[in-house]
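Asks: Sharing a structure, written as structure tokens. Questions coming.
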Number of protein chains: 2
Amino acid sequence: MKGASYRYPPDLSQRIIKASEADFVDGVEWLELDCDLGKLFGKLARRFVSSAAGDSLSVDLIASHGQTIRHLPHPGGPSATLQIGEPSFIASTTQLPVVADFRRSDIAAGGEGAPLSPILHEYLFRDPRRWRAVVNIGGIANATILPPTGSKQLPSAADCGPGNMLIDSAMQVLFGLSYDRNGRIAAQGRVISEVVDSSLRNPYFGRKPPKSTGRELFGRGFLEKIMQGMKRASPRDCIATITEITVASIADFILRICPAVDEILLCGGGAKNSHLIGRLSALLKGKTVSTTARLGYDPDYIEAFLWAFLAFRFIGQNPINMNSYTGAKGPYIPGKLCLP
Amino acid sequence: MKGASYRYPPDLSQRIIKASEADFVDGVEWLELDCDLGKLFGKLARRFVSSAAGDSLSVDLIASHGQTIRHLPHPGGPSATLQIGEPSFIASTTQLPVVADFRRSDIAAGGEGAPLSPILHEYLFRDPRRWRAVVNIGGIANATILPPTGSKQLPSAADCGPGNMLIDSAMQVLFGLSYDRNGRIAAQGRVISEVVDSSLRNPYFGRKPPKSTGRELFGRGFLEKIMQGMKRASPRDCIATITEITVASIADFILRICPAVDEILLCGGGAKNSHLIGRLSALLKGKTVSTTARLGYDPDYIEAFLWAFLAFRFIGQNPINMNSYTGAKGPYIPGKLCLP
């Protein structure tokens with residue numbers, strides 16, 4: 001297993017944010033961004049394929065999630081989602097088959113299009129005896145609850161709430177940095193507990209799974225509300241408080257929804273934030289909190305592994321059943337295949 | 001071979017026009033329209049599959065072009081195009097594999113994404129001995145020139161000029177009808193030849209291929225100019241004259257660009273206008289003018305056949321070379337596959 005991460009060039013980041021946030025969008029810009037991202041993904045994939053070849057690893061198939069620009073889940077109703085980064089460009093640049101656009105297959109099957117990662121968590125991490133929760137802390141934090149293999153209870157999953165999204169946005173505004181490396185700033189601040197408490201009163205946290213969320217609920221508007229409660233707080237205290245909101249919403253989810261869980265495996269960007277891990281351990285006293293690295297899977301690439309896994313299911317024409325995760329009504333084959 | 005056409009419900013037509021025309025679009029509406037069209041296509045495809053089963057025809061694969069919302073060709077530069085009607089819904093509704101989104105593969109291969117139909121014309125209609133031209137008369141008339149199979153000359157394609165666009169607009173203005181059924185009104189009128197001659201002096205007709213055109217050149221402005229030359233003419237004479245301009249520009253194209261052609265095969269809506277066919281025969285004396293029906297292909301479904309053909313190439317992993325038609329830089333496999 002080999003992985004690599006690449007950062008978006010700043011101009012593309014700006015264009016993505018703009019395309020994601022505006023209600024009314026420049027149609028031509030949406031299309032051009034879709035193509036430009038596809039070309040970038042193609043170029044980076046080609047670079048990665050070459051470097052893998054240097055390690056005698058050969059790549060047969062590429063999976064692309066794409067960049068989410070909109071995600072509008074409507075439980076029970078028609079959901080809509082948009083991931084851009086035209087996969088035809090990846091196929092033509094790498095001359096490899098590409099499977100992409102997984103979430104729309106789920107929506108077409110009657111699901112909410114998210115979360116998809118539980119299917120991989122189930123496959124990799126279900127234990128014969130222990131109850132486990134796998135918590136992926138990306139922009140949003142999502143948890144997969146894995147009863148022991150023999151149990152009659154089915155695995156389930158839900159988006160807990162904000163992941164790094166709030167922390168990263170606040171770091172940008174308050175420190176001009178893109179994230180709080182290792183949680184160092186949060187560790188130096190003081191948590192304003194009234195703000196944490198009032199934030200946790202958001203009705204999303206009380207809703208029962210299955211549920212999924214995104215920037216629409218925990219984006220700029222939610223952050224501004226939090227910040228209004230901390231007008232006199234220092235920037236460090238703000239970051240500490242926002243980190244605590246994130247941690248507490250995750251802990252709360254575990255304790256409310258699946259108190260039987262005794263091992264929590266973290267993955268995603270948040271799994272690098274040791275302050276966050278420490279706080280989560282403290283709030284989940286008596287339970288083991290670690291990262292997926294404990295079981296040999298780099299927490300940075302669990303999500304990338306997911307897309308590869310789904311693409312592999314496509315190629316094998318092997319349907320997945322996401323009913324208990326996304327509400328999809330029957331098994332389906334995820335993604336769309338582009339050939340070079 | 002079996003075909004069917006279905007009309008959009010009026011509210012969807014309105015939404016499509018709105019989504020196509022505005023510079024700034026409601027992002028959510030774009031996505032919802034994409035899904036709503038996908039669902040409609042799925043429902044209609046399912047209905048068609050059932051009715052085909054009644055005729056003991058079984059459907060193995062569905063091809064979907066989608067509804068064009070944007071098409072921005074940039075010769076030599078990056079083109080962009082958007083066809084909506086999410087194919088995952090078609091796959092899930094019909095439980096059949098679907099190949100869709102053909103134009104983007106062409107763009108990823110460096111082409112303009114259009115015209116794609118010449119590849120089918122070449123495949124179906126190229127003759128071992130005869131030079132043929134396939135003329136598709138839609139809003140615009142476009143021709144594919146097919147040298148004999150053994151010839152060193154390559155097939156080529158271009159937009160000749162206006163197709164039904166001028167006739168239909170004039171019918172709307174003068175008769176309140178959407179088109180001149182079977183050319184009956186044109187057949188009753190008298191052609192004002194000075195107006196035909198002066199219209200044919202438009203520099204577009206003199207330009208050498210490759211060339212493509214649209215409503216920008218032969219839309220309202222062009223029609224108004226023609227109408228000014230016929231202020232005292234009867235409505236019938238106007239339709240006769242406008243039909244003659246259309247016919248003469250096609251004949252002119254054949255005679256100037258490919259005089260070697262001795263058989264013209266018509267398809268598209270204009271192939272139903274027997275007055276137009278008669279006039280074209282008269283202007284192309286010595287050449288055979290007929291519709292693709294002569295070779296067993298319903299002229300109404302040549303375009304639908306094109307998408308089926310491209311989907312079939314995908315399934316066979318059989319690349320197409322569009323270089324001389326769209327400028328695509330190398331062979332590629334068109335479309336994206338969704339599995340149910």
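The values are calculated or read from the model by the stated rules, or taken from the named source; none is laboratory data. Quick caveat, the model's predicted, so the values are computed rather than measured. Please note: Cβ atoms are built from the backbone with ideal geometry, for glycine as well, and neighbour counts cover all protein chains shown. With ligands, DNA and RNA removed, areas are computed over all heavy atoms of the protein, side chains included. Shrake-Rupley method; radii C 1.70, N 1.55, O 1.52, S 1.80 Å.
Asks: May I ask for the Kirkwood hydrodynamic radius of the stretch B:160-256, worked out over all distinct Cα pairs and given in angstroms to one decimal?
Replies: 13.4 Å
Asks: Compute the Rg to Rh ratio over the stretch B:213-340 from the alpha carbon atoms, using the Kirkwood formula for Rh, and round to two decimal places.
Replies: Taking Rg over the Kirkwood Rh, I get 1.07.
Asks: So, by mean Cβ neighbours within 10 angstrom, what's the order for A:171-177, B:106-112, A:29-35 with the highest one leading?
Replies: So the order, starting with the most tightly packed, is B:106-112, A:29-35, A:171-177.
Asks: Using Cα pairs closer than 8 Å and at least 6 residues apart in sequence, work out the relative contact order for chain A, in percent.
Replies: 21 percent
Asks: Moving to a separate point now. When only Cα pairs under 8 Å and 6 or more residues apart are kept, what is the percent relative contact order across the stretch A:158-289?
Replies: Here the relative contact order equals 36 percent.
Asks: So what is the diffusion coefficient of chain A in µm² per second by Stokes-Einstein at 10 °C and 1.306 mPa s, using a Kirkwood Rh over Cα pairs?
Replies: Rounded to a whole number, D works out at 77 µm²/s.
Asks: Take chain A, connect every pair of alpha-carbon atoms lying under 10 Å apart with a spring to form a Gaussian network, then pick out the residue of A:Pro115, A:Pro78, A:Pro162 with the largest mean-square fluctuation.
Replies: Looking only at A:Pro115, A:Pro78, A:Pro162, the largest GNM fluctuation is found for A:Pro78.
Asks: So for chain B, taking the charge dipole from beta-carbon charges (+1 Lys/Arg, -1 Asp/Glu), which of B:Ala248, B:Leu283, B:Phe24 sits furthest toward the positive end?
Replies: The residue sitting farthest along the positive end of the dipole is B:Leu283.
Asks: Now for a different question. I'd like the Karplus ³J(HN,Hα) series for the stretch B:3-8: coefficients 6.51, -1.76, 1.60, θ = phi - 60°, whole numbers in Hz, and an x wherever there's a Gly or Pro.
Replies: Result, rounded to whole Hz: x, 7, 10, 10, 8, 5.
Asks: With a probe of 1.4 Å, find how much accessible area the protein assembly as shown has per residue, and write the answer as a whole number in Å².
Replies: Value for the protein assembly as shown: 45 Å² per residue.
Asks: Ok, one more. Please report, in Å, the Rg and the Dmax of the stretch B:90-173, where both are computed over Cα atoms only.
Replies: Reported Rg and Dmax, both Å: 16.9, 48.
Asks: Separate question: Output ³J(HN,Hα) for the stretch B:110-116: one whole-Hz value per residue in order, computed from phi by the Karplus curve 6.51 cos²θ - 1.76 cosθ + 1.60 with θ = phi - 60°, and x for Gly and Pro.
Replies: Per residue, the Karplus-derived 3J(HN,Hα) values read x, x, 8, x, 7, x, 9 Hz.
Asks: Of the peptides A:322-335, A:187-200, A:229-242, how do they stack up when ordered by the mean number of other Cβ atoms within 10 Å, highest first?
Replies: A:322-335, A:229-242, A:187-200
Asks: Would you tell me the mean number of C-beta atoms belonging to other protein chains that fall within 10 Å of each C-beta in B:102-112, as a whole number?
Replies: Per residue, the number of nearby Cβ atoms from other chains is 4 on average.
Asks: Please work out the Cα convex hull volume for the stretch A:169-221 and give it in Å³ per residue.
Replies: 121 Å³
Asks: Setting aside same-chain residues fewer than 8 positions from A:Lys43, which aspartates and glutamates have a Cα under 13 Å from its Cα?
Replies: Once the sequence-local aspartates and glutamates are set aside, what remains near A:Lys43 is A:Glu86.
Asks: Using the Karplus equation 6.51 cos²θ - 1.76 cosθ + 1.60 (θ = phi - 60°), what ³J(HN,Hα) coupling, rounded to whole Hz, does each residue of the stretch A:263-270 give in order, writing x for Gly and Pro?
Replies: 9, 10, 10, 9, 8, x, x, x
Asks: If amide hydrogens are placed 1.01 Å from N in the peptide plane, which non-local residues have theirs closer than 5 Å to the one on B:Leu266?
Replies: Amide H neighbours of B:Leu266, under 5 Å, 5+ apart: B:Val135, B:Ser290, B:Thr291, B:Thr292.
Asks: Then there is this: Using only the Cα atoms of the protein assembly as shown, what are the Rg and Dmax in Å?
Replies: In Å, with Rg to one decimal and Dmax whole: 29.6, 95.
Asks: Quick check: convex hull of the Cα atoms in the stretch B:1-100, volume per residue, rounded to a whole Å³?
Replies: Output value, Cα hull per residue: 123 Å³.
Asks: So, with +1 on the Cβ of K and R and -1 on the Cβ of D and E, and no other charges, what is the size of the charge dipole of the stretch A:256-339 about its Cα centre, to the nearest 20 debye?
Replies: Magnitude of the dipole: close to 240 debye.
Asks: Sticking with this one: Would you kindly work out, in nm and rounded to one decimal, the distances from the label point of A:Ser178 to those of the same position in each other copy, ordered shortest first, with label points 7 Å along Cα-to-Cβ?
Replies: For A:Ser178, the inter-copy label distances come out at 5.2 nm.
Asks: Now a separate question. For B:His74, place a label point 7 Å from Cα along the Cα-to-Cβ direction in every copy; what are the distances to the other copies, in nm, shortest first?
Replies: Output for B:His74: 3.5 nm, nearest copy listed first.
Asks: Let me ask another. Quick check: the angle from helix B:274-283's long axis to the longest principal axis of chain B, C-alpha only, nearest 10 degrees?
Replies: Result, in degrees: 60.
Asks: Run through all the Cα pairs of the stretch A:5-57 and give the fraction in each 10 Å bin from 0, expressed as whole percent.
Replies: 22, 41, 22, 12, 3
Asks: Please go through the residue pairs A:Lys211/A:Lys329; A:Lys231/A:Lys287; B:Lys39/B:Lys211 and name each one whose alpha carbons sit more than 26 Å apart in this structure.
Replies: The answer is A:Lys231/A:Lys287; B:Lys39/B:Lys211.
Asks: For a quick check, take a GNM of chain A with Cα springs below 10 Å and name the residue from A:Pro210, A:Pro73, A:Pro128 with the largest mean-square fluctuation.
Replies: Maximum among the listed residues: A:Pro128.
Asks: Still on this structure, I have one more. Amide H to amide H, which residues 5 or more places from A:Ala80 or on other chains are under 5 Å from it, using H placed in the peptide plane?
Replies: Amide H neighbours of A:Ala80: A:Leu72, A:His74.
Asks: Here is a follow-up. Provide an ascending nm list, one decimal, of label-point separations from B:Thr288 to the equivalent residue in each further copy; define each label point as 7 Å from Cα along Cα→Cβ.
Replies: In ascending order, 8.0 nm.
Asks: Under a 5 Å amide H to amide H cut-off, with H placed in plane at 1.01 Å, what residues pair with A:Ala157 once short-range neighbours are removed?
Replies: Amide H neighbours of A:Ala157, under 5 Å, 5+ apart: A:Ile145.
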